[in-house]
Amino acid sequence: MQADIQRWSRTLIPTTREAPTDAETPSHVLLSRAGFIRKVAAGVYDHLPMSWRVMKKITAIVREEMDAAGASELFMPVLVPFEFYRETKRDEAYGDLLMRVKDRKGNLAALGPTHEETITELVKGSVTSYKQLPLNLYQVQTKFRDEARPRAGLLRGREFMMKDAYSFHMSVDGPGGLNETYDAMHRAYSNILRRCGLDFTPVEAESGPIGGSASHEFMVNCASGEDTILRCPVSGYAANVEKCEIGERAWSWGEAGSGGAESVHTPGLPGIDEVAAFLKLTPRDMLKTIVFRVTDEGGGWVLAVVRGDHEVNEGKVRSASGRSIVLAEEKAAREAGFTIGYVSPLAAKKFAGALVLVDPDAATPGVWATGADEKDHHVKGFRWQDAMGERLGDASYVKVADIRNALPGDPSPRAGGSTLVATRGIEVGHIFKLGTKYSDAMGFTVLDAQQKKHPVIMGCYGLGVSRTLAACVEMSHDADGIIWPAAIAPYQVVITCLKPEHIHRAESIASDLSARGIDVLIDDRDERPGVKFKDADLVGFPVRVTLGDKALAEGCVEVKKRGSEGKGDLVKFEGVMDAVRQHLGGR
Ligand code: ATP
Ligand code: MG
């Protein structure tokens, strides 16, 4: 396969010494300095030719792996009629993240953050029978999310490139079922990231506003990543902190005490740390009670109680309560009678059918401090037995369950005796078992073999192409610049001509390399050698071939692998191909 040859002077690589002032992460700094990206507006970037070449190489890998997994590519518009998001209530779930636009007739649309609605509408209009399923469709498309804090260049943009795939099934299990496709996509994602040279971990994850039952994130293992991953070193279990289960923990309500609970005036203290300090306690000695509103028919409340130094996990509260819940809006909760900021587990007594969920670490015999259900007041000397008495035995009223975020050092949920350790990662891919969330909301059914309406089960699979590019730079750079893995480098080889008269030799080497499928950039610029070497290192070509008078006189060129120490090797003209291929990893 003939590969590309280009001259540096004929393309656009505006390298600079200075990074933009808002650039903090290595990928943002280096992609800016190396002339890959240019900011147009907050979170919106131009991809210059070097960046676009890498994007195309990543998407080529993505397309190969998607096609190999049985998916078909299509293309859907960026613009999505706003009604679609109303139908699935994702206008609410996404909130301000959804970019709204109005056309000249006043019709409201959104710039798609993902395309579940558009594709469900499309497939609903063309698939009517079980015979047409399963189906797995994908696109590579620009997405918009009006992120509150676009940051780190391509890692969190407002406009970014995503590969998104959607699958449709008659069943979850068995041939043609959701699980089969989900597993195939899991394998495809692993192949893609491995081929991009990334070190990654698939982790169990929360599904967020996309929805659904099971989901996995593909995390690039990177100390500067935004996400915290918890792992069990013994079993290999790994999960996002939002999802991570905690192993068995002992708990007990303890004995009844001698009463002695005492209300204390704690005026104007903003948070649990300040209250604890005022009471001469630590947050570990306090109970934190968070109010959730039940959104199922009939409504109601769930009170989640954790130790003061722990964080309530909404997903865990949702599954432990078995109800649809949202964090109670402050106004609604106050109107219902909760003294937000001072709620105690006892507040539940006022509401028929309210459920109190207690984390095992908060269900211990100790004497606690908690809110007093009265503004500016807390209670000291709270004992579960004294406060709740026989209600503690009624599981429809009080339940002990894992409802907090896991922490390093917590017991592993998969291997007794082992504890969780924390690492950090960059989420580059996320796959979901959606179930019937979208097909139900949009009224999409097909006829089964008995001509009966059958619900359609869906999966969806996202991979951030631009974020993957940035993750590659985060993982592979040094003080001089980027070090691209050969498979996705903009050009695998840069030929640096130290004098204009070397151009013919450069072209001859380039044409040999290109005939073997190796992309070559010839640095033909009228610049000092030092500038050319620095730029080559900054842009990050995996191999540099340097043409200089002295070596050429001996029938040689210098071949240097990016990132290797010292000078390169002097190689005879006829040996250049082998030397380059060896550095590129035996292509
Ligand atoms: P995050 O938690 O980082 O905001 P998300 O979980 O909302 O991301 P998904 O809805 O799972 O993202 O989207 C699928 C993929 O799209 C992500 O795994 C990521 O690679 C990419 N992606 C999402 N948001 C952005 C963004 N703002 N900029 C670049 N890529 C993004
Ligand atoms: Mg995600």
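The values are calculated or read from the model by the stated rules, or taken from the named source; none is laboratory data. Computed from a predicted model, the values in this text were never measured in an experiment. Positions of Cβ are generated from backbone atoms using ideal geometry, with glycine treated the same way; all protein chains shown enter the neighbour counts.
Exactly one residue among Thr15, Thr59 is of a type outside the set (A, V, I, L, M, F, W, C) and either part of a helix (DSSP H, G or I) or in contact with a Pro (Cβ under 7 Å, 6 or more places away or on another chain) (or both), and that residue is Thr59. Condition check for Asp448 on (1) under 27 Å from Phe84 (Cα atoms); (2) within 16 Å of ligand 2 (Cβ to nearest atom): one failure, at (2).
Take the conditions (1) within 23 Å of Val473 (Cα to Cα); (2) in contact with a strand residue (DSSP E or B) (Cβ under 8 Å, 6 or more places away or on another chain); (3) assigned to a loop (DSSP other than H, G, I, E, B); Ser564 misses just one of them, which is (2). Selection of the range 208-233 for residues being surrounded by 22 or more Cβ atoms within 10 Å (Cβ to Cβ), over 22 Å from Ala152 (Cβ atoms) and either modelled with pLDDT under 90 or within 14 Å of ligand 2 (Cβ to nearest atom) (or both) yields Ser215, His216.
Restricting the search to strands (runs of 3 or more DSSP E) fully inside the range 398-517 and requiring at least 1 residues that are within 16 Å of ligand 1 (Cβ to nearest atom) and within 30 Å of Ala250 (Cα to Cα) gives 421-435.
Yes/no matrix, rows are residues, columns are (1) more than 18 Å from Asp578 (Cα to Cα); (2) within 43 Å of the chain's Cα centre (by Cα):
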position: Ala486; (1), (2): no, yes
position: Ala489; (1), (2): yes, yes
position: His502; (1), (2): yes, no
position: Ala510; (1), (2): no, yes
position: Ala515; (1), (2): no, yes
position: Ile518; (1), (2): no, yes
position: Arg525; (1), (2): yes, yes
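Just name the residue that is modelled with the lowest pLDDT out of those in the range 197-207 that are touching a helix residue (DSSP H, G or I) at 6+ places or on another chain (Cβ under 9 Å), within 16 Å of ligand 2 (Cβ to nearest atom) and assigned to a loop (DSSP other than H, G, I, E, B). Among those that are touching a helix residue (DSSP H, G or I) at 6+ places or on another chain (Cβ under 9 Å), within 16 Å of ligand 2 (Cβ to nearest atom) and assigned to a loop (DSSP other than H, G, I, E, B), it is Ser207. Looking only at residues of the range 86-119 that are in contact (Cβ under 8 Å) with a residue 60 or more places away in the chain and among the charged types (D, E, K, R), we find that the one that is farthest from Phe75 (Cα to Cα) is Lys89. Within the range 254-266, the set of residues being part of a loop (DSSP other than H, G, I, E, B) and either modelled with pLDDT under 90 or aliphatic (A, V, I, L, M) (or both) comprises Gly254, Glu255, Ala256, Gly257, Ser258, Gly259, Gly260, Ala261.
Filtering the range 196-207 to residues that are over 28 Å from Ala406 (Cα atoms) and crowded, with 18+ Cβ neighbours inside 10 Å leaves only Cys196.
The C-beta contact set for the range 522-549 (first residue among the β-branched types (Val, Ile, Thr), second residue outside any strand (DSSP E or B), distance under 6 angstrom, 6+ apart or interchain) comprises Ile522/Ala506; Ile522/Ala510; Val539/Ala34; Val543/Val580; Val543/His583.
Are any of the residues in the range 548-561 buried (at least 21 other Cβ atoms within 10 Å of the Cβ), in contact with a strand residue (DSSP E or B) (Cβ under 9 Å, 6 or more places away or on another chain) and under 21 Å from Pro14 (Cα atoms)? Looking for residues that are buried (at least 21 other Cβ atoms within 10 Å of the Cβ), in contact with a strand residue (DSSP E or B) (Cβ under 9 Å, 6 or more places away or on another chain) and under 21 Å from Pro14 (Cα atoms), one finds none in the range 548-561, hence no. Scanning the range 313-327 for residues that are more than 18 Å from Met388 (Cβ to Cβ) and over 26 Å from the mean Cα position of the chain (by Cα) gives Gly322, Arg323. For Gly70, state whether it is under 30 Å from Ala188 (Cβ atoms), at pLDDT 95 or above and either β-branched (Val, Ile, Thr) or surrounded by 14 or more Cβ atoms within 10 Å (Cβ to Cβ) (or both). The answer is yes for Gly70. Look at Gly459 and say whether it is without any contact (Cβ under 8 Å) to a residue 60 or more places away in the chain and either more than 30 Å from Ser263 (Cα to Cα) or of a type outside the set (Phe, Trp, Tyr) (or both). For Gly459, the condition - without any contact (Cβ under 8 Å) to a residue 60 or more places away in the chain and either more than 30 Å from Ser263 (Cα to Cα) or of a type outside the set (Phe, Trp, Tyr) (or both) - is not met. Scanning the range 116-173 for residues that are surrounded by fewer than 21 Cβ atoms within 10 Å (Cβ to Cβ), in contact with a Phe, Trp or Tyr (Cβ under 6 Å, 6 or more places away or on another chain) and within 21 Å of Glu427 (Cα to Cα) turns up Gln139, Glu159.
You will find that of Arg195, Arg231, the residue that is farther than 21 Å from Lys316 by Cα and basic (Lys, Arg) is Arg195 and no other. Residues satisfying the criterion are absent from the range 246-256 (criterion: aromatic (Phe, Trp, Tyr) and closer than 22 Å to Lys433 by Cα).
The set of residues in the range 383-395 that are outside any helix (DSSP H, G or I) and under 41 Å from the mean Cα position of the chain (by Cα) comprises Asp394, Ala395. Please find, within the range 294-312, the residue that is nearest to the chain's Cα centre (by Cα) out of those that are more than 17 Å from Ser396 (Cβ to Cβ) and at pLDDT below 95. Per the criteria, the residue is Thr295.
Exactly one residue out of Val465, Val456 is of a type in the set (A, V, I, L, M), within 16 Å of ligand 2 (Cβ to nearest atom) and either farther than 26 Å from Ser321 by Cβ or crowded, with 17+ Cβ neighbours inside 10 Å (or both): that is Val465.
Scanning the range 231-276 for residues that are under 30 Å from Asp376 (Cα atoms) and of a type in the set (Ser, Thr, Tyr) turns up Ser252, Ser258, Ser263, Thr266. Inside the range 529-554, can you point out the residues that are modelled with pLDDT under 95 and not in a helix (DSSP H, G or I)? If the condition is that a residue be modelled with pLDDT under 95 and not in a helix (DSSP H, G or I), then Gly548, Glu554 are the ones that fit.
Applying the criterion of being within 36 Å of the chain's Cα centre (by Cα) and in a strand (DSSP E or B) to the residues of the range 344-369, the residue that is surrounded by the fewest Cβ atoms within 10 Å (Cβ to Cβ) is Val356. Within the range 34-54, identify whether any single residue is part of a strand (DSSP E or B), hydrophobic (A, V, I, L, M, F, W, C) and surrounded by 19 or more Cβ atoms within 10 Å (Cβ to Cβ), and answer yes or no. Within the range 34-54, one or more residues are part of a strand (DSSP E or B), hydrophobic (A, V, I, L, M, F, W, C) and surrounded by 19 or more Cβ atoms within 10 Å (Cβ to Cβ).
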